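What follows is a short report on a single structure.
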Amino acid sequence: MGAITLACLAWGWFEAGWVRLRTLEEDVSSLPAELDGMRILHLSDFHLGPPSRGARAVERAVAWTRERDPDLVCVTGDLVSRPRGEATLRALVQELPRCYAILGNHDLAISRDPFSKAVELRGLEPATLLLDEGRMVDVRGRAVWIAGLDPRSRWSEPRLHQDAALTILLSHFPSVLDRAASEGFDVVLAGHMHDGQICVPYPGGKLRLAHPSAPYTHGMYRRAGTAMHVSPGLGTTFVPFRFFARPEATELVLRAAAGPSGRV
């Protein structure tokens, strides 16, 4: 039993740094022809600070992002879990082109994780940190609106939508999807879920122990004309292990074609 336990712990430690670098195509209703093929690198849940091979996953993801040179980089919160992770975060952000980021609940120590401590992140230059605000940016000659929610606004999200050729909402919590769809956002990017982080596989699926009944866990979802991507994230929380929930950096390629309702 001792050998089996050690083997499981060793695997969980290994998997926490075994990052998947993935490209997905995402259909976006009414996407202008000029933005067809637009690439967004979605990163989330670094959780820098505590000892974890998740830091290795973040470093590899950032290097891949720099190699891909996407139109936009979006980071959806939980950047650090302890103050000592801030220096590493700021060094890595220097490598991310055209980056927009938000905070997550762990950045503010709004969590049951006993190893999490609040970090005062008031800016993240050269990245743009969005806290209940947005920016209009030019991508391929078209106006793109990028808005970001402050995680403290979880239950009373401000209305941040503006008219543009493409509208993107960054939210740490994927539960925002219905609200974002009703406001008319084209794309929502979220994190928080870690794809369960600690999972028990079974034929045809897996049990996510931390979120056994969560409706949005990873990948693509749709509501009306809104497409949402939930990142599996890169770091770990509570324990420095992942089981059957590899960390992932995701390149989203936007396509001007409407998809069916529901999960794709």
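The values are calculated or read from the model by the stated rules, or taken from the named source; none is laboratory data. Since the model is a prediction, treat every value here as computed from it, not as a measurement. Neighbour counts are summed over all protein chains in view; Cβ atoms, including those assigned to glycine, are modelled from backbone coordinates with ideal geometry. Areas reflect the complete protein model, heavy atoms only, side chains present, ligands, DNA and RNA absent. Shrake-Rupley method; radii C 1.70, N 1.55, O 1.52, S 1.80 Å.
Under the convention that each Lys and Arg Cβ holds +1 and each Asp and Glu Cβ holds -1, the size of the dipole of the stretch 53-159 around its Cα centre is about 240 debye.
The tail of the calculated P(r) for the chain, taken as Cα-Cα distances beyond 34 Å, holds 13 percent of the pairs. Hydrodynamic estimate: the Kirkwood radius of the stretch 155-238 over Cα pairs, inserted into Stokes-Einstein at 4 °C and 1.567 mPa s, corresponds to D of 94 µm²/s. Quick check: at a probe of 1.4 Å, how many percent of the accessible area of the chain sits on carbon and sulfur atoms? Ligands and nucleic acids excluded, carbon and sulfur reach 54 percent. Looking at the stretch 194-264, the trypsin sites (Lys or Arg not before Pro) that sit in a DSSP loop and have at most 16 other Cβ atoms within 10 Å of their own Cβ are Arg263. Close amide H contacts of Val188 (hydrogens built in the peptide plane, cut-off under 5 Å, sequence separation of 5 or more or a different chain): Leu169, Ala227, Met228, His229. In plain terms, the chain from Arg142 to Leu9 could stretch by 43.0 nm, reckoned as 0.36 nm per residue minus the Cα-Cα distance. Residues considered: Arg112, Arg140, Arg39. Largest GNM mean-square fluctuation over the chain, using C-alpha springs under 10 Å, is found at Arg112.
Compared with the dominant Cα axis of the chain, that is its longest principal axis, helix 2-15 is turned about 20°. At full extension, Ala224 and Thr23 could sit 70.0 nm farther apart than now, given 0.36 nm per residue minus the alpha carbon distance. Taken along the Cα-to-beta-carbon direction at a fixed 7 Å, the label points for Arg56 and Glu95 span 1.5 nm.
Applying 1/(1 + (r/R0)^6) with R0 = 41 Å to the Cβ-Cβ distance of Ala109 and Glu34 gives a FRET efficiency near 0.45.
Remark: the stretch 8-110 carries 38 Å² of accessible area per residue (probe radius 1.4 Å; ligands, DNA and RNA excluded).
Suppose R0 equals 41 Å; then what is the FRET efficiency for Arg255 and Met1 from their Cβ-Cβ distance, rounded to the nearest 0.05? The value I calculate is 0.20. Mean residue ellipticity at 222 nm, helices only, the chain: -5000 deg cm²/dmol; runs of at least 4 DSSP H residues each add -39,500 (n - 2.57), and the sum is divided by the number of residues.
Treating each Cα of the stretch 1-126 as one equal point scatterer and applying the Debye formula with no solvent, the log10 of I(q)/I(0) at q = 0.10, 0.12, 0.16, 0.18 Å⁻¹ comes out as -0.39, -0.54, -0.86, -1.01.
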